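Data block below; observations after.
Values quoted throughout were computed directly from the atomic coordinates according to the rules given, and no laboratory measurement underlies them. Everything numeric here is computed off the predicted structure, so don't read it as measured data. So basically every Cβ, Gly included, is an ideal-geometry build from the backbone, and we count neighbours across all protein chains shown.
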Amino acid sequence: MFYVSFFLDESKNKTKMGSRRIMVTALVTGGSGFLGSNLCKRLINDGDRIICVDNNSTGKLENVKELLKKKNFKFLEHDIIKPLKVEEKIDKIYNFACPASPPAYQGKNAIFTTKTCVIGAINMLELAKDHGATILQASTSEVYGDPLVHPQSEDYRGNVNPVGIRSCYDEGKRCAESLFFDYHREEGIGIKVVRIFNTYGPNMAPDDGRVISNFICQALTQGDITVYGDGTQTRSFCYVDDMVEIIVRVMNGPRDFTGPVNVGNPMEFTINELAAKILDKILTSSKIVYRRLPSDDPVRRKPDTSLANKKFGWSPEMTLDDGLAVTIDYFKGVIFG
Ligand code: UDP
C-alpha cells in the first residue's frame, strides 16, 4: 500500500478576480503520458490542484516539466497496479494510466497491460470509494474490436478477438468498463466512461509506434513511410485539445450521466490518405513502403459522436490538416531541438 499526502496547507484558492472558489483536487493517473499530460495542463489552467500519478513506463516527466514548477501540481511516481491511499480529499479521479499504442501494450508487455487495465481500475475505484470522488475512465474505441458496424455507436457491443495480440488491451479495457459499472451499481460511486478514438498531438513520443507519430518522424528523418497492409484501412483522428475539452465536459457534466460516450473526430481517412497528407506537408526524400498488416488490425473505425454532441454540445474543431501542422512543428522541436 502506498500512502501519500499533498497540499495540506490550504483548501481554498483565490481566483484572479479576488473571489474565493472551492478548489478541486483531481488525481490523474497516466498523467505524464500523452493524453494525461495534456489533460493535466488544461486542469491546472482551470485552477484545479493536480496529483499526477505515473510509473513513467511509457509516460515521460519531460511532458510535465513546466507543470512541476507550479505549486498546485504534484507528481507521484507510482504504479496503479499497487493500491494507493492519499491523505487529503480527492474530488475527481481521471484514470488514464495504460500503455496505449499497439507496440507498447502488446508483446512482452501484454500481461502488464491487462493488470494495469483491471487491477489498476480496481485500485482507483477503491480510491474513489474512500474519497467519495467521481472517477472517469479513459476507455477506448478498442472495446469495439474490428467493428462490424460502421460508424460505431455506444450501443454496439463489438467484435473483439479474445485470444489475439490486441486482446490484453481490448479485453482489459472492456473489463475495466464492467468494473466501473459494477462499482457504480453496487457501491454508488459516481462514474464517467469515455471511449476515446484515435488521438494525436503534442507530447506524443517519437517512438510511440502509432501511425501519426511514425509517419511524421519517418518523414522528418528521411526514413521510409511504413504503411501496414495496403493502407486502405481507415481511422478517424482527433486533435488532443478537442479530446481534452470533451473529457473535461463529461467529468463536469450531470452526475447521472455515466456514459459510455464516444469521444473522437468523425472525419474518416484511409492510412494512404494520411501518408499523402503528411508527405505533402514535409519536404522529404521519404518514400512509402508497404509492410505486413498486424493481426486483428481493425479495418474501419469512425465514431458516431451524436451522444457527445447532444449531451455536451461538443464537436471537434481542429481539422486534420491544421492539427498535423501543429504536430509536425512539435516533432521538429523534439527531433531537431
Ligand atoms: N499503421 C501503419 N504504419 C505505422 C503504424 C501504424 O500503417 O507505422 C497503421 C496500423 O496498422 C493501423 C493504423 O495505422 O491500421 C492506426 O494504427 P495506430 O497504431 O496508430 O492505432 P490503432 O491501430 O490502435 O488504431
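Over all distinct alpha-carbon pairs, what is the Kirkwood Rh of the chain in angstrom?
The Cα-based Kirkwood calculation yields 20.4 Å.
Quick one: helix 320-336 against the long Cα principal axis of the chain, what's the angle to the nearest 10°, folded into 0 to 90?
Value to nearest ten degrees: 80.
Helix 167-187 versus the longest principal axis of the chain: what is the Cα-based angle in degrees, 0 to 90, to the nearest 10?
30 degrees
Highest GNM mean-square fluctuation, the chain, Cα pairs closer than 10 Å: which of ASN265, ASN198, ASN45?
ASN45
About its Cα centre, how strong a charge dipole does the range 280-337 have in debye, to the nearest 20, once Lys and Arg get +1 and Asp and Glu get -1 at the Cβ?
About 240 debye.
Sort 32-40, 323-331 by the packing proxy (mean of other Cβ within 10 Å over each peptide's residues), most packed first.
Values: 32-40: 27.2, 323-331: 18.3.
Top to bottom by mean Cβ count within 10 Å: 32-40, 323-331.
Who wins for biggest fluctuation among GLU88, GLU186, GLU177 in a Gaussian network model of the chain, springs between alpha carbons below 10 Å?
GLU186
On a full-extension model of 0.36 nm per residue, what is the gain between THR270 and GLU66, subtracting their alpha-carbon distance, rounded to one decimal in nm?
Gain on stretching THR270 to GLU66: 69.9 nm.
Would you look at the GNM of the chain, springs on alpha carbons closer than 10 Å, and say which of MET23, MET243, MET124 moves the most?
MET23
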